[in-house]
Amino acid sequence: MTEEYLNAQEQVLALRKLAEEVAAAARSRGHRATPEGVISGIGFDYLAPYLVARGLVARGMLARRGDGFALTENGEELVRLVVEIAELVKRDSELPELDGGRIFGSVLYAVYDWGGVAKSAEAYIEYVRRVRAKLVELSRDPRRFKLAAMLLPRMYYEEGYTPLRLLEAVSRL
């Protein structure tokens, strides 16, 4: 990871691009999603979306392009995985159906590497793949899956708890 300073305007541009890409990926698969809806799902306060965008720039998943930002190949893979995970949990999450994309922002928030554990973009992507695989495994047990689908997009992950730890705990119930 390379820590990169972003001023306030650059943070806004990075977040906007990220939200646009997540919303576009969701819409391309038939879901209702807007950038605003995605942003509204990221975290529990107004700073969380900016922290996620800044962190993805630092991890090389969102890169400066001209006057703005663009997803890198790893960033595109992350967005694809976020949409796939949201598709897995959306029906059972009991978030409003017409959420405008909030579930996609909530999943992005959930799988964000808040602890900075992943030392590379590839390691981070591999972690997100493990989360998806664990959800697929849990989907074989409707009762456990329902609990996981409800909790995953609602948990506060910034203080050390991780989606994978959550899913592993649910699988032991």
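The values are calculated or read from the model by the stated rules, or taken from the named source; none is laboratory data. Treat the numbers as computed from the prediction; the structure is a model and nothing was measured. Please note: Cβ atoms are built from the backbone with ideal geometry, for glycine as well, and neighbour counts cover all protein chains shown. Only protein heavy atoms, including side chains, enter the accessible area calculation; ligands, DNA and RNA are left aside. Shrake-Rupley method; radii C 1.70, N 1.55, O 1.52, S 1.80 Å.
Within the bounds of the stretch 152-164, is there any residue that is more than 15 Å from residue 92 (Cα to Cα) and among the charged types (D, E, K, R)? Yes - at least one qualifying residue is present in the stretch 152-164.
Does any residue of the stretch 8-20 turn out to be under 27 Å from residue 119 (Cβ atoms), small (Gly, Ala, Ser) and touching a helix residue (DSSP H, G or I) at 6+ places or on another chain (Cβ under 9 Å)? Checked against the condition, which is being under 27 Å from residue 119 (Cβ atoms), small (Gly, Ala, Ser) and touching a helix residue (DSSP H, G or I) at 6+ places or on another chain (Cβ under 9 Å), the stretch 8-20 yields at least one hit.
Within the stretch 130-158, residues that are within 19 Å of residue 118 (Cβ to Cβ) sit with their Cβ atoms under 9 Å from residues that are open to solvent by 30 Å² or more (accessible area, probe 1.4 Å) and of a type in the set (D, E, K, R), at 6+ positions apart or across chains, in these pairs: 132/84; 134/168.
Within the stretch 51-65, the set of residues being under 22 Å from residue 123 (Cα atoms) and either open to solvent by 70 Å² or more (accessible area, probe 1.4 Å) or not aliphatic (A, V, I, L, M) (or both) comprises 54, 55, 59, 60, 64. The set of residues in the stretch 126-173 being acidic (Asp, Glu), farther than 28 Å from residue 73 by Cα and open to solvent by 60 Å² or more (accessible area, probe 1.4 Å) consists of 159, 168.
Give me the residue from the stretch 5-16 that is outside any helix (DSSP H, G or I) and not hydrophobic (A, V, I, L, M, F, W, C) and, out of that set, least open to solvent (accessible area, probe 1.4 Å). Restricting to residues being outside any helix (DSSP H, G or I) and not hydrophobic (A, V, I, L, M, F, W, C), the top hit is 7. Scanning the stretch 27-44 for residues that are over 12 Å from the mean Cα position of the chain (by Cα), among the hydrophobic types (A, V, I, L, M, F, W, C) and surrounded by 21 or more Cβ atoms within 10 Å (Cβ to Cβ) returns a single hit, 33.
Going by what's in this entry, would residue 75 be described as open to solvent by less than 40 Å² (accessible area, probe 1.4 Å), at pLDDT 95 or above and assigned to a helix (DSSP H, G or I)? The answer is yes for residue 75. Of all residue pairs spaced 6 or more apart or on separate chains, those with beta-carbon atoms under 8 Å, a first member in the stretch 93-122 that is more than 21 Å from residue 58 (Cα to Cα) and among the hydrophobic types (A, V, I, L, M, F, W, C) and a second member that is in a loop (DSSP other than H, G, I, E, B) and modelled with pLDDT under 85 are 103/95. Taken together, 33, 70, 19, 25 contain a single residue that is over 21 Å from residue 150 (Cβ atoms), touching a residue at least 24 places away in the same chain (Cβ under 8 Å), outside any helix (DSSP H, G or I) and in contact with an Asp or Glu (Cβ under 9 Å, 6 or more places away or on another chain), which is 70.
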